[in-house]
Amino acid sequence: MAAASSSDSDSCRAESNEANSKWLDAHYDPLANIHTFSACLALADLHGDGEYKLVVGDLGPGGQQPRLKVLKGPTVLTESPLPALPAAAATFLMDQHEPRTPALALASGPCVYVYKNLRPYFKFSLPQLPPNPLEQDLWNQAKEDRIDPLTLKEMLEGIREKAEVPLSVQSLRFLQLELSEMEAFVNQHKSKAIRRQTVITTMSTLKKSLAEEDAVSCLVLGTESKELLVLDSEAFTILAKMSLPSVPVFLEVSGQFDVEFRLAAACRNGNIYVLRRDSKRPKYCIELSAQPVGLVRVHKVLVVGSTQDSLHGFTHKGKRLWTVQMPAAILTMNLLEQCSRGLQAVMAGLANREVRIYHDKTLLNVIRTPDAVTSLCFGRYGREDNTLIMTTRGGGLIIKILKRTAVFVEGGGEVGPPPAQATKLNVPRKTRLYVDQTLREREAGTAMHRTFQTDLYLLRLRAARAYVQALESSLSPVSATAREPLKLHAVVQGLGPTFKLTLHLQNTSTARPILGLLICFLYNEALYALPRAFFKVLDPSP
């Protein structure tokens, strides 16, 4: 009976939580075998039939056998192998032709694979980089049999440690071989040209000339060679190339390429660089105290997750707006955009099996999952507008649908900082007097500084004179010499004619006692009378 009542209470509690939740549990498959991250998830109407599919760049179990998967509902619609691990997936419109079906771009290795109607359409490869001249000379010598494989390995290792230009893949593979395998490798590759190829680390889309949802877009690629490339979606040519101080790993894009745009790139050196149109170098730099784990743009605010288990909000000029501490490590981040209510928020998947939704620094909702979430995607899926798709660390797939009656209320998750903390102070506007004072300080700054220095020197002189006068007239209770570290303080108790005089004598030295100390009173005998005007003091200890 007790067991039955306990199970009944648990089921009632589960039904109560389900009723109070803002989400409907549409599907959960712990054995879906999907291993990916948020950048490799995309939702799009790939066939133009109004049925939105989920595109997944699957890393495969243990990073082996990467595949491109397209899901319709909970089932896998198509599946095809990939030549290398995927870095990002994005859907975009390439042209104005009817029907307006979006294309799928998948970044993998040095290439971008473009699909239309789930069929291969185009393959764009990054331009090759010039090889290291020292490396080229060494392989030429190996080709002419002027150096042996062991000498080649030693010289290549020296180049790898000191040279600014990285080695090619061919040289890096050669350095990993055992001594018995080197000669065969050299004989096989010495006649081949040295090629240094970079790879894609991140990818996003940028509207070409119009801001509409169905406008033509460009692809923005971040590469291992510390560059950002803007790729034309029709001719697949490079429209713009920008350099960065470090390798980009997260990318946020806003604006239109032909009008004005901003690129925010979070890099491996722990900084975020903001670039604008017609700028080959970063215009602003945001320095973080830890490595970034995610970057999401919410309206005009850049929300960054760091390895210090915290979310930070920055402007595009680098001003920190707020910081929120998380209860666990952040595994993934993405944008939640509810178009029907005009809401934009940040979703953060945590290591404690929670997904937290924040609007600025206000917690809106907490979703608890059976396993830690490694990727998030929110949008239209199937024919439901507000669908949340999550994949877990163990390869599971979770699909939740936001209730049509659900409203995110600030403070609806857990208790956070008080609302008064976010209230801006009513700072008064600049008055005419303030402006005039600022102009006067700007024009007469040197003279004002000299006057201040003069007054400061006079103040120090007066203080020194007062100190000397107090020592000469014995008005100071502190001894003037270091040989007698004493402090004397007298307190008069009573108004007369009889009163009591209490003396407080203190040895201010830390380790030196004072021996043979005497106290003598000097006073007017016509006015005062003391029983003892001269006596010996017990040795005060330090």
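Throughout, read-outs are computed from the coordinates displayed, never taken from laboratory work. Being a predicted model, the structure only gives us computed values, none of them experimental. Positions of Cβ are backbone-derived with ideal geometry, glycine not excepted, and every protein chain shown enters the neighbour counts.
Between the beta carbons of Leu134 and Asp95, assuming R0 = 51 Å, the FRET efficiency works out to 0.65 to the nearest 0.05.
Computed over the chain, the convex hull of the alpha-carbon atoms projects to a mean area of 52.4 nm². First measure r as the distance between the Cβ atoms of Glu287 and Ala470, then evaluate 1/(1 + (r/R0)^6) with R0 = 60 Å and state the FRET efficiency to the nearest 0.05. So, using R0 = 60 Å, E works out to roughly 0.70.
Compute the Cα gyration tensor for the stretch 255-346, then decide on rounded, prolate or oblate, letting a ≥ b ≥ c be the square roots of its eigenvalues: rounded whenever a/c is under 1.5, prolate when a/b is larger than b/c in the other cases, and oblate in all that remain. It is oblate, given that a/c is not under 1.5 and a/b is not larger than b/c. Modelled spin-label separation between Gln188 and Tyr28, with each label point placed 7 Å from Cα along the Cα-to-Cβ direction: 4.9 nm. Each part reduced to its alpha carbon centroid, the stretch 70-97 and the stretch 264-279 end up 27 Å apart. Among 524-534, 228-238, the peptide with the highest mean count of other Cβ atoms within 10 Å heads the list, and the full ranking is 228-238, 524-534.
Counting only DSSP H runs of at least 4 residues, each contributing -39500 (n - 2.57), and dividing by the residue count of the chain, the helix-based mean residue ellipticity at 222 nm comes to -6000 deg cm²/dmol. In a fully extended conformation the segment linking Glu161 and Gln344 would gain 61.2 nm over its present Cα-Cα distance, using 0.36 nm per residue. Pairs exceeding 25 Å between alpha-carbon atoms, taken from Lys319/Lys400; Lys319/Lys403; Lys22/Lys53; Lys53/Lys241; Lys123/Lys207: Lys319/Lys400; Lys319/Lys403; Lys53/Lys241.
Work out the FRET efficiency for Thr323 and Ala529 from their Cβ-Cβ distance, taking R0 = 56 Å, and round it to the nearest 0.05. E between Thr323 and Ala529, to the nearest 0.05, is 0.20. With the highest mean first, a sort of the peptides 346-358, 169-181, 321-333 on other beta-carbon atoms found within 10 angstrom per residue produces 346-358, 321-333, 169-181.
Taking a Cβ cut-off of under 12 Å around Gly318, the surrounding Lys, Arg, Asp and Glu residues balance to a net charge of +3, with basic ones at +1 and acidic ones at -1.
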